[in-house]
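The values are calculated or read from the model by the stated rules, or taken from the named source; none is laboratory data. Everything numeric here is computed off the predicted structure, so don't read it as measured data. Cβ atoms come from the backbone with ideal geometry, glycine included; neighbour counts cover every protein chain shown. SASA here: full protein model, heavy atoms, side chains in, ligands and nucleic acids out. Shrake-Rupley method; radii C 1.70, N 1.55, O 1.52, S 1.80 Å.
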Amino acid sequence: MNREITLTINGEKATLSVPPHRTLLELIRGELHLTGTKLGCGIGECGACTVIMNGEPVNSCLVLAAEADGAEIWTIESEAQGDTLSDLQQAFVDFGATQCGFCTPGMIMSARALLERNPSPTREEIAEAIAGNLCRCTGYEPIIEAIDAVARERRSGGYKPRTPALKPGEYVGSGTPRVDAFEKVAGSAIYVHDMVLPGMLYARIKTSPYAAARIKAIHTEKAAAMPGVKVILTGKDLPPVKVGLYLQDKDILVREVVRFQGEPVVAVAAETEDIARAACDAIEVEYEPLEPVMDVEKAFEERERLVHPDLGSYSYMKGVFFPQPGTNIAHHQKIRKGNIDDGFAHADVVTEYEFWNPPVQHVAMETHTSIVQAKPEGKVDIISSAQSPYAVRNLFAHAFGIPHANIRVRVPYVGGGFGGKAGIHLEPLLYCLSKAAKGRPVKLTCTREEEFNTMPSRQGLKSVVKTGVTRDGKIVALKVRYLWDAGAYADYGVNIGRAAAYSGAGPYHIPNCWIDSFVVYTNKVFGTAYRGFGHLEVLWAIERNMDLVAKQLGMDPFEFRMKNVLRVGDTTITGEKITHHHGRPDKCLEIVAREIGWENRHQQPKQVAPNKLRGFGLALLHKAPAMPTFTSCSAIIKFNEDGSVNVLVSGVDYGQGTYTALAQIAADELKIPIEKVRISWDCDTDYTPYDWQTVASRFTVMGGNAVIQAARDCLNQMKNIASQVLRVPPDQLECADEKVYFRGNPDMAIPYRQLAIGYVYPNGNAIGGPVIGHGRYIAVGLTNLDPETGQGLPALDWTYGAHAAEIEVDIETGEIEVLRLISAFDAGKVINEQQCKSQIVGGVVQGLGSAMSEKFIFNEHGQFRNATFTDYKIPTARDIPREMKSFLVETPDAQGPYGARGIAEHPMVSIPSVIGNAIADATGVEMFEFPFLPETVYLALKRAGVTPKPTAGVTA
């Protein structure tokens, strides 16, 4: 029975009738339509739903609406006054403390509550206050800085905004604030999570409890009889469609055999989500359990228990990927350079080591969610929290045989992606449900548990690295075998195996190289793209191996790397010649070594307390965009009547800040204030121009070039019109200060606004017309890799970087504290310094999650054991290093806009490596797998006999 409650929300009284199970979060978002408060987990672990109730921050997902009777509640919508942000919101903008923005409202409410009860918090108290608010993007440091600045400046007259005073020509290279920051800090940014369409049904899925099983029967009668249930679908109700990016191996719903625990078996669409959930609970599925293939090494060797017995019948991208029917191998990538046997024959020292890292989750704060409507005349509307609208459209069109023009894909704000929302996921199933529901739109929002159990993850990797070196420290041979634990389906995994192979030796000159990269099916949740695209995993092995080999030689790890790092004139393992435009890995390494105090590290005592040891680590990294040779994108710039512009692109900014970079480029090229540049946030395949995919850190590079071309097209159009009016040749006209003028007489000028939609003479005659600029860019000079040798040109550009770390290990508990972490990257040309450094901090902390705590745990039956934030821990504000510094090198790239390269993915790469190297330096114990959980480190120390030792002058 419903209960009537009265509460005061954002200063206004509201009386509502609520059912007993309704949560305060559901009330706020549903009945009150205040969508700034977000649902991130539903169990009070992420803080996205934080509101202030009776003066205290609460997780509104854990509060029943009935418990709020008589309460005073404040949500993010109360923070700004009209168009004027609060000081906290403004500080979040100024310090770059928002990226995807999904966690931002809850974070600001926690900060507000802190400052109301403690106006003078320390940084430690700030970190403690927001520790219950998870953020996957920012790395917390800019959030802490923003809150700290507000607290300090409130005590001395009030917070002073930091908005830089810039004019056209100064935007590129500056710290221009994010163009989307206002909407995100105000809670007004609309995500698919927030959308409700007229007549919309809600979907839920019933998943398999088994990692491998044959479906014997599905009983849906009870569910079908429930009021409000509109559609129930099983795999046999659907067309025999296979979906996949590069290898089509996945059914929309399981048809006969389940391949991982959590795989969707039945789908329901109903009038409410509660009804759909109850219907799924009422459905009974009979299974015949099968023995799962869980170990990647065994799966690699297996010829009887095949995850995909029909692999030979699947469609795939021929000439690029090489599945092996009759095995569990979805792809085999080879790299062969020089003569490996000859290389080892000339080596003075040969080493071989084995490394492992487990699968992990992306943990974007917004879970996967989509709305699909099957429309008349074979048309389809898709709204999705996807990274790549045109990729969704293309894959959808191929799966169902629908013309591309009949499919409309829209992507609004996206609450983080990190690769997990690339490709196609929920959309085909929702289309089938909508079609069965006679065209009603159907929405499915994954729970956090489904995000772990059902949506794709990062693959695990087993690496075996054999190295031949001379006594003076030159690598002469490298032989590597990578076994990728792909899980049940190929998805992006096969391309990760490919990219990892051509990057698989690290940023070093290797004259003789032999790499086999195998992507192997197992009965686990399937892998996909994840920030770094396999490079964190590969560089874990390579950079640990560099330290281990250096140790065998008795050589300093810095010196060993510098002897072998790629330099101008060297060739990569695929035969690409390094030029002056490639970047400077050596300079990045020199910077971090200098800043961490590498040369003098041994002058400091390792033992700083009886139970604590300190150590230092170094690691290099590199990465190129992993993409087809024909990758392209486009941009359109439309001038408006007042001389402002709209920039239309279809690459998705899901937190990385690319739209801000493109706005800076457009403003500088067009010579207009950035306030007059609007990037259309909703990507829409009906209106915004083509872009391949928003992956591979290539959007600023390729999209930036397209925007430059579109802007110059606009200027040329206006010059051609102005030349007729001023009777001056176009090549003697210049553009500045929002006008076109004659170079010899700046007083002869026409404002953009008079040219934007056509120039009108005093007598009414008109010339020109709307100014619309077009730009495009396609990767140039790339080639497919030779299937037998891997030789070719796979890389649009290479981004190099390095990390250095100082850590402290508690040998009594195995706990590790990262004291300092220094990073340097060759960005080519810095487009936005604040955004670059924000990406570095966020990527470093995300990498620390992989290094220190994150891993999937399966039992012996292949069942996932830690699919919630209770058991799967990502870093909080309490877990970041005491000090993080970042440095940017600028070696202009030949193809990037003004020489720029992407650096969004790269900061995460080699973080486990640098921590592993520092552990070895501190303790003498070598780690060959991560994460470095306290119990893992403690047991390794115990096995090695590392115990507390009293030291003169050192106390605990």
Relative contact order as a percentage, region 342-467, C-alpha pairs under 8 Å and 6+ apart, gives 41 percent
Along the dipole axis of region 120-232 (charges at Cβ: +1 for Lys and Arg, -1 for Asp and Glu; origin at the Cα centre), the most positive-end residue among L134, A211, M195 is A211
Counting only protein heavy atoms and rolling a 1.4 Å probe, one gets per residue an accessible area for the chain in Å² of 35 Å²
Taking placed amide H atoms and a strict 5 Å upper bound, the residues 5 or more places from L566 or on another chain that come that close are Y508, H509
In deg cm²/dmol, rounded to the nearest 500, the helical mean residue ellipticity at 222 nm of the chain, built from -39500 (n - 2.57) for every DSSP H run of length 4 or more, is -7500 deg cm²/dmol
Taking the convex hull of the alpha-carbon atoms of region 867-923 and averaging its shadow over every direction gives an area in square nanometres of 7.3 nm²
FRET efficiency (D310, N10; Cβ distance; R0 45 Å; to 0.05) is 0.20
For G843, the net charge from surrounding residues (Cβ-Cβ under 13 Å; K, R +1; D, E -1) works out to +2
Check: C-alpha center region 845-868 vs C-alpha center region 551-600, spacing in Å is 33 Å
Taking only the alpha-carbon positions of region 732-799 as identical scatterers, the Debye log10 I(q)/I(0) at q = 0.11, 0.14, 0.18 Å⁻¹ comes out as -0.54, -0.63, -0.80
The size of the Cβ-based charge dipole (Lys, Arg +1; Asp, Glu -1) of the chain about the Cα centre, to the nearest 20 debye, is 1360 debye
Treating only Lys and Arg (+1) and Asp and Glu (-1) as charged, each at its beta carbon, one finds that region 632-778 has a dipole about its Cα centre, in Debye to the nearest 20, of 340 debye
Under the rule rounded for a/c under 1.5, else prolate if a/b exceeds b/c, else oblate, using alpha carbon gyration tensor axes a ≥ b ≥ c, region 632-778 is classed as prolate
Taking alpha-carbon centroids only, region 901-943 lies from region 334-402 a number of Å equal to 25 Å
Note, G343: beta-carbon cut-off 13 Å, +1 each Lys/Arg, -1 each Asp/Glu, net +2
Dividing the mean separation of Cα pairs under 8 Å (6+ apart) by the residue count of the chain yields a relative contact order in percent of 14 percent
In cubic angstrom per residue, the convex hull of region 3-78 built on its Cα atoms measures 73 Å³
Taking placed amide H atoms and a strict 5 Å upper bound, the residues 5 or more places from M748 or on another chain that come that close are F742
Hydrodynamic radius by Kirkwood for the chain, inverse mean 1/r across distinct Cα pairs, in Å, is 29.3 Å
For the pair E352 and R712, the simple spin-label estimate (label points 7 Å beyond Cα toward Cβ) gives in nm 5.4 nm
For the chain, whose charge dipole is built from +1 on Lys and Arg Cβ atoms and -1 on Asp and Glu Cβ atoms, the candidate among T868, W692, P730 with its Cα farthest towards the positive end is P730
With R₀ set to 45 angstrom, the calculated FRET efficiency between the beta-carbons of A225 and H404, to the nearest 0.05, is 0.65
Expected vector for region 879-891, Karplus 3J(HN,Hα) from phi with 6.51, -1.76, 1.60 and θ = phi - 60°, integer Hz, x for Gly and Pro, equals 9, 7, x, 4, 9, 10, 10, 9, 10, 10, 9, 10, 10
Per the C-alpha gyration tensor (a ≥ b ≥ c, the square roots of its eigenvalues), region 87-193 is rounded if a/c is under 1.5, else prolate if a/b beats b/c, else oblate; here it's oblate
Dipole check, the chain, charges on Cβ (K,R +1; D,E -1), about Cα centroid: among I708, V465, H33 the Cα furthest to the positive pole belongs to I708
Here the alpha-carbon Rg of region 170-241 over 2.2 N^0.38 Å rounds to 2.01
extent check for region 305-385: Cα max minus min per principal axis, descending, whole Å, gives 70, 36, 30
Heads up, region 809-861 by the C-alpha gyration tensor (a ≥ b ≥ c square roots of eigenvalues; a/c under 1.5 rounded, else a/b over b/c prolate, else oblate) looks oblate
